[in-house]
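*Asks:* Right, I'll just put the structure down here and ask away after.
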Amino acid sequence: MRRDGDPGLPMTLYRQFKNQAELDAQYDVEKSVPDFMVYARHFIDESKLARHRLRCELDVPYGPTRDEHVDVFPAGAGSRAPILVFIHGGYWRMLSSKEFSCVAFGPVAAGVAVVNVNYSLCPKVTIDEISRQARAAVAWTWRNAESFGGDRDRIYVCGHSAGGHLTAMCLNTDWAGDYGLPDDVIKGAMPVSGLFDIKPIRYTLMQPLLQFTGDQVERNSPILHIRRNPVPMVLTWGADEPEEFARQSRDFGHAWEAAGNRCETWAQPGANHFTAIYGFEDPKSELCRRLFRLMGVRPA
């Protein structure tokens with residue numbers, strides 16, 4: 001609780017929000033649409049179709065626990081394909097890589113290999129451990145790219161919602177010091193509808209399951225740890241999402257540029273929090289077009 005330094009102002013939880021109900025209205029994405037199950041069924045059905053139609057290797061371990069695995073969708077014939085590492089959302093507490101196999105449709109059609117990351121969930125593990133797992137998956141991709149015809153020197157990271165947060169956390173990584181890898185492991189990033197300041201989540205209905213502590217929020221809020229970074233970024237979100245999601249991306253983009261970094265921002269017209277990633281299913285979509293431009297890919 002704070003008064004923004006002025007004792008005459010009303011108490012607030014976060015920014016202008018006075019209570020949990022106001023924050024829940026911004027961050028409860030399932031209630032931001034008329035029927036969440038429409039989108040849930042879409043992801044389940046289209047992902048099942050993707051695993052049926054596309055060549056894939058499922059549940060490949062990248063770490064010691066059962067949750068640490070990736071689903072790999074090779075780009076087809078040949079080798080040295082650029083790689084998209086995709087990190088799913090679900091507020092760090094639900095869903096898995098399997099509900100998001102569908103994001104491989106567009107990239108694979110353009111000759112991009114996709115590594116779809118699974119990770120452990122809160123409250124089984126902490127947000128610190130989830131961030132570590134996301135980084136470990138990127139490190140695994142660099143070390144094992146050749147095994148699925150990928151080019152370890154062309155790794156790009158993308159994530160949706162909580163996965164957008166984890167994408168940004170991967171950018172705040174000492175790859176040489178912590179993993180013994182080149183500093184430029186990641187060549188570009190595309191967080192979609194990401195969360196970059198996770199402080200407000202502590203005051204929402206998600207907190208009992210997430211159990212974030214103050215120290216965890218400090219360590220795992222990417223906007224607090226931006227440094228000079230040569231990685232170009234595309235930040236995108238649905239224009240019909242709750243305003244806080246748009247504000248989070250805008251603020252992160254401004255802070256990224258203020259540190260001397262490159263950033264493109266794009267609000268997708270008519271898209272909500274869930275349809276903001278539908279474009280990955282179509283190589284001709286505007287979302288894929290911007291992704292391919294970031295990756296230097298020219299679809300046939």
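Bear in mind that the values in this text are calculations on the coordinates, not laboratory data. In this text, all values refer to a predicted model and were calculated from it rather than measured experimentally. Every residue, glycine as well, gets a Cβ built from its backbone with ideal geometry; the counts of neighbours run over all protein chains shown.
*Asks:* Where does the chain land at 222 nm, in deg cm²/dmol rounded to the nearest 500, when only DSSP H runs of n ≥ 4 count, each adding -39500 (n - 2.57), divided by all residues?
*Replies:* The helix contribution divided over the chain gives -10000 deg cm²/dmol.
*Asks:* If you line up the Cα atoms of the chain on their principal axes, what length do they span on each, largest first, in Å?
*Replies:* The Cα atoms of the chain stretch 67, 45, 36 Å along their principal axes.
*Asks:* Among Val29, Gly111, Leu95, whose Cα lies farthest out toward the positive end of the dipole of the range 1-121, if unit charges sit on the beta carbon of Lys, Arg (+1) and Asp, Glu (-1)?
*Replies:* Among Val29, Gly111, Leu95, the one farthest towards the positive end of the dipole of the range 1-121 is Gly111.
*Asks:* Name the residues whose placed amide hydrogens come within less than 5 Å of the amide hydrogen of Gly188, ignoring near sequence neighbours (fewer than 5 apart) on the same chain.
*Replies:* Val157
*Asks:* What ³J(HN,Hα) values, in whole Hz, does the Karplus curve 6.51 cos²θ - 1.76 cosθ + 1.60 give for the range 96-101 when θ = phi - 60°, with x put for Gly and Pro?
*Replies:* Those phi angles translate into 8, 4, 5, 6, 10, 4 Hz.
*Asks:* I need the calculated FRET efficiency for the pair His52 and Asp153, taking r as the beta carbon distance and R₀ as 30 Å, to the nearest 0.05.
*Replies:* The value I calculate is 0.45.
*Asks:* Quote the relative contact order of the range 61-199 in percent (integer), defining contacts as alpha-carbon pairs under 8 Å separated by 6+ residues.
*Replies:* After rounding, I find 29 percent.
*Asks:* Moving on to the next point. Please give me, ordered by residue number, the chymotrypsin sites (Phe, Trp or Tyr not before Pro) of the range 168-253 that lie in loop per DSSP and have at most 12 other Cβ atoms within 10 Å.
*Replies:* Hits after loop and neighbour filter: nothing returned.
*Asks:* Take the residue pairs Lys31/Lys187; Lys187/Lys284; Lys18/Lys187; Lys31/Lys98; Lys18/Lys98 and return only those whose Cα atoms are more than 30 Å apart.
*Replies:* Going by Cα-Cα distance, Lys31/Lys187; Lys18/Lys187; Lys18/Lys98 fall outside the 30 Å limit.
*Asks:* If amide hydrogens are placed 1.01 Å from N in the peptide plane, which non-local residues have theirs closer than 5 Å to the one on Glu264?
*Replies:* Correct list: Met233, Val234, Leu235.
*Asks:* I need the calculated FRET efficiency for the pair Asp28 and Ala259, taking r as the beta carbon distance and R₀ as 41 Å, to the nearest 0.05.
*Replies:* Efficiency for this residue pair is about 0.85.
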